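K.L.:
Dumping the structure here so I can ask a few things about it.
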Amino acid sequence: MLRDPLLRAWALLIGLCLASTVLALAIERTSFAGLAATGAGAAILLLAWLKARIILSEYLGLAAAPFWRRGFGIVLALYALLLLGLYTIPVL
């Protein structure tokens, strides 16, 4: 197991990047339509949100400052929800 938090964060970021790449390739190679495409896009946005949280917590050191981490987390979540809402408008 990786004991260094930065190495663990790096490995997790690589895994999340691979997952989003595989998902994007699956969307491109198959003809998702309607809700399936929206769900896949929402999953990619969720992976991006998780990656941003890891970067803020580990690389910027917000894990040591819970107040600031919570504030950045709230702003990031609201931004991700805004993007999700804008992404789903054409489907509705």
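K.L.:
Quick check on my filter: what residues within the stretch 24-43 are assigned to a loop (DSSP other than H, G, I, E, B) and in contact (Cβ under 8 Å) with a residue 12 or more places away in the chain?
P.N.:
Gly34 - this is the single residue of the stretch 24-43 that is assigned to a loop (DSSP other than H, G, I, E, B) and in contact (Cβ under 8 Å) with a residue 12 or more places away in the chain.
K.L.:
Could you please give the count of residues in the stretch 44-90 that are surrounded by 12 or more Cβ atoms within 10 Å (Cβ to Cβ) and in a helix (DSSP H, G or I)?
P.N.:
Qualifying residue count, the stretch 44-90: 32.
K.L.:
Please tell me if Arg3 is basic (Lys, Arg) and either within 14 Å of the chain's Cα centre (by Cα) or in a helix (DSSP H, G or I) (or both).
P.N.:
no
K.L.:
Follow-up question, since we're still on this one. With the condition kept exactly as written, say whether any residue in the stretch 16-26 is of a type outside the set (Lys, Arg) and open to solvent by 90 Å² or more (accessible area, probe 1.4 Å).
P.N.:
Yes: the stretch 16-26 contains one or more residues that are of a type outside the set (Lys, Arg) and open to solvent by 90 Å² or more (accessible area, probe 1.4 Å).
The values are calculated or read from the model by the stated rules, or taken from the named source; none is laboratory data. Remember, it's a predicted structure, so these values are computed and weren't measured experimentally. Glycine also receives a Cβ, built like all others from the backbone with ideal geometry; neighbour counts cover every protein chain displayed. Only protein heavy atoms, including side chains, enter the accessible area calculation; ligands, DNA and RNA are left aside. Shrake-Rupley method; radii C 1.70, N 1.55, O 1.52, S 1.80 Å.
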